[in-house]
Structures are given as C-alpha cells and as structure tokens.
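This report refers to the structure that appears directly beneath it.
The values are calculated or read from the model by the stated rules, or taken from the named source; none is laboratory data. Keep in mind it's a predicted model, so treat the numbers as computed, not measured. When we count neighbours, we look across all protein chains shown, and the Cβ atoms used for this are built from the backbone with ideal geometry, even at glycine.
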Amino acid sequence: YYEQIQQAERLKTTGQLAAAVAHEIRNPLTVVKGFLQLYQKDAGFSEDIKGKFTLMIDELNIAEQVITQFLSIAKPNKETEIETVNLKVVLQSVTDLLHSYGLLHDNKIELIRVEDCYIAANNIEFKQLLINIIKNAIEASKIGDSVIVSAGRNKGFVEIRVVDFGQGMSEAEIKSLGTPFYSLKSKGTGLGMMICYNIAAKYKGTIDFESTKGEGTTVTIRFPSKNY
Ligand code: ADP
Ligand code: MG
C-alpha cells in the first residue's frame with residue numbers, strides 16, 4: 001500500500017513537470033507543422049520532397065500524441081465527466097479502431113464473451129486505457145497470433161481480460177510497468193502504462209499482469225461494476 005502512495009506521488013510530480021514542458025513544446029511544433037502543410041501544397045516542390053514532408057508531418061503528429069498523453073496525466077484535477085460506460089460498446093469500438101493496427105502486424109483481435117456490464121468512468125479515458133493495453137498486446141505478439149479480449153462481471157467488479165501469446169515479461173519487467181519512460185521498444189514512449197495506472201486509480205480500478213517469458217501475457221483490468 002505504501003508503494004502505491006509513493007507511486008501516486010511520483011506520478012503527480014512528474015505530471016506537473018510534464019504540463020509545463022508540454023506547453024512549451026506544443027507551440028513550436030504547431031508552427032513547424034503549419035509550414036510543412038503549406039509546403040505540401042506548394043507547386044515549387046517535387047513529389048519526392050512532398051513525400052518527405054508527409055513523413056515529417058506524421059512524425060510531428062506522433063510527437064503531438066506524446067504531448068497530449070502527457071497533458072492528460074498532467075492535469076489530475078481536470079474535471080472529467082463521469083459517465084456510465086457500456087463495456088460492450090466501448091470494447092467493440094476499441095477493437096474496431098485497433099483492427100487495422102493489428103492487421104498491420106498480421107494479428108487478429110478476437111472479442112469473445114462480452115457480458116452486459118457497466119462501469120462509472122469517463123468514456124474517453126477508459127477507451128484510452130484499453131487502447132494502450134491492447135496495443136501493447138499486439139506489439140508483443142508474434143506475426144499471425146491473436147489477441148483475445150473478454151469481459152464479464154465477478155463479485156461486484158467488471159473484469160476485462162486481454163490475452164496475448166507474445167514475448168511475455170519477467171517479474172522485474174512487470175514491476176517496472178508504469179515507471180515514466182520505461183520502454184523496451186525502439187519507438188516506445190514508455191508512457192502508456194503510466195497513463196493506464198493513473199486512469200485506473202482515478203476510478204478505483206486495478207490492472208494486474210500475469211506473464212511468462214516467451215509464452216505470453218494476461219492483463220486483468222478490474223473496475224467496480226455499476227448497475228444500469
Ligand atoms: P511503450 O508501449 O511505449 O513501450 P508502455 O508503458 O505501454 O510503453 O509499456 C512499457 C513496456 O512494457 C513495453 O515497452 C514492453 O516492454 C512492456 N509491455 C507492456 N505490455 C506488454 C505485453 N502485453 N507483453 C510484453 N511486454 C509488455
Ligand atoms: Mg504502449
């Protein structure tokens with residue numbers, strides 16, 4: 001429990017710092033992106049160069065994404081509306097969204113056994129949590145493997161399971177999850193799990209990992225169930 005408090009404090013400090021830095025970075029990025037978008041329409045540049053502008057804009061969009069993620073944790077007291085989240089609806093929309101991402105890696109996302117269940121949270125935040133976790137599962141998977149997602153009620157809680165058959169994690173790696181910038185990926189931000197833990201904590205939810213190196217990972221997300 002003490003560790004949890006420490007983790008929360010660490011997240012808060014990091015968040016405040018992030019907010020300041022993010023604002024300073026976002027403005028110059030917007031300016032650069034604006035010029036690139038102008039040049040893209042400029043007849044004076046060859047198609048080849050314009051293709052490079054597109055790549056540059058794509059990269060700037062990624063940087064923007066990181067900043068947006070940062071800001072979402074940087075304002076823990078920002079008022080977000082608490083809604084009744086319909087798990088069936090959210091899971092369908094998230095798997096649809098990630099379907100093309102899975103195809104990119106030749107992975108299938110299988111949505112199985114989704115019971116009618118509801119939680120009290122903000123739809124956008126909860127969606128973000130699911131996207132981060134399912135994206136990690138896809139990224140850990142071997143080509144052609146499935147990622148299996150299911151949801152149901154259990155003793156006053158809603159449980160969502162995300163199962164992959166990918167690279168897995170050691171105990172030490174699991175412990176590092178949620179540490180800012182902890183990433184074993186060449187293009188990772190190392191912010192995804194930090195955001196997930198933050199969102200879960202906000203709604204009294206938990207995220208647990210069971211994993212075996214080389215065999216795969218099961219993520220269990222638990223949120224207090226809401227009657228509807
Ligand atoms: P990122 O995805 O940007 O690296 P995350 O915070 O989402 O940052 O994840 C941190 C690290 O945790 C990943 O780099 C990866 O090494 C590990 N990880 C997360 N989910 C899984 C998973 N399902 N299987 C194996 N490793 C995982
Ligand atoms: Mg991630």
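Mind telling me which of the residues Ile138, Ile160, Ile131 ends up being out of contact with any strand residue (DSSP E or B) (no Cβ under 8 Å at 6 or more places or on another chain) and of a type in the set (A, V, I, L, M)? Steps first, please.
Numbers: Ile138 fails: out of contact with any strand residue (DSSP E or B) (no Cβ under 8 Å at 6 or more places or on another chain); Ile160 fails: out of contact with any strand residue (DSSP E or B) (no Cβ under 8 Å at 6 or more places or on another chain).
Selected residue: Ile131, the only one of Ile138, Ile160, Ile131 that is out of contact with any strand residue (DSSP E or B) (no Cβ under 8 Å at 6 or more places or on another chain) and of a type in the set (A, V, I, L, M).
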### Query
Out of region 154-172, which residues are surrounded by fewer than 21 Cβ atoms within 10 Å (Cβ to Cβ) and part of a strand (DSSP E or B)?
Asn154, Phe157, Glu159, Arg161, Val163
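Taking the options Glu3, Glu47, Glu83, name whichever one is of a type in the set (Asp, Glu), at pLDDT 90 or above and within 30 Å of Val163 (Cβ to Cβ).
Working: Glu3 fails: at pLDDT 90 or above; Glu47 fails: within 30 Å of Val163 (Cβ to Cβ).
Criteria check complete, one pass: Glu83.
Among the candidates Leu177, Leu184, which residue alone is of a type in the set (A, V, I, L, M, F, W, C), surrounded by fewer than 16 Cβ atoms within 10 Å (Cβ to Cβ) and within 16 Å of ligand 2 (Cβ to nearest atom)?
Numbers: Leu177 fails: surrounded by fewer than 16 Cβ atoms within 10 Å (Cβ to Cβ).
Just one listed residue meets the conditions, Leu184.
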### Task
Scan region 173-212 for residues that are within 30 Å of Tyr118 (Cβ to Cβ), assigned to a helix (DSSP H, G or I), out of contact with any strand residue (DSSP E or B) (no Cβ under 9 Å at 6 or more places or on another chain) and within 11 Å of ligand 1 (Cβ to nearest atom) and jot them down.
Gly192, Met194, Ile195
### Query
How many residues does region 13-45 hold that are under 18 Å from Met194 (Cβ atoms), surrounded by fewer than 15 Cβ atoms within 10 Å (Cβ to Cβ) and polar (S, T, N, Q)?
2
### Summary
Flagged pairs (Cβ under 8 angstrom, 6 or more apart or on separate chains; first in region 176-188, in contact (Cβ under 8 Å) with a residue 40 or more places away in the chain and on the phi < 0 side of the Ramachandran plot; second among the hydroxyl-bearing types (Ser, Thr, Tyr) and more than 13 Å from ligand 2 (Cβ to nearest atom)) are Pro180/Thr14
### Message
Restricting to region 95-150, and then to whatever is touching a Lys or Arg at 6+ places or on another chain (Cβ under 8 Å) and among the β-branched types (Val, Ile, Thr), can you tell me which residue is nearest to Thr84 (Cα to Cα)?
### Response
Ile119
### Task
Considering every residue within region 136-157, establish whether at least one is closer than 16 Å to Thr206 by Cα, within 16 Å of ligand 1 (Cβ to nearest atom) and either hydrophobic (A, V, I, L, M, F, W, C) or under 14 Å from the mean Cα position of the chain (by Cα) (or both).
no
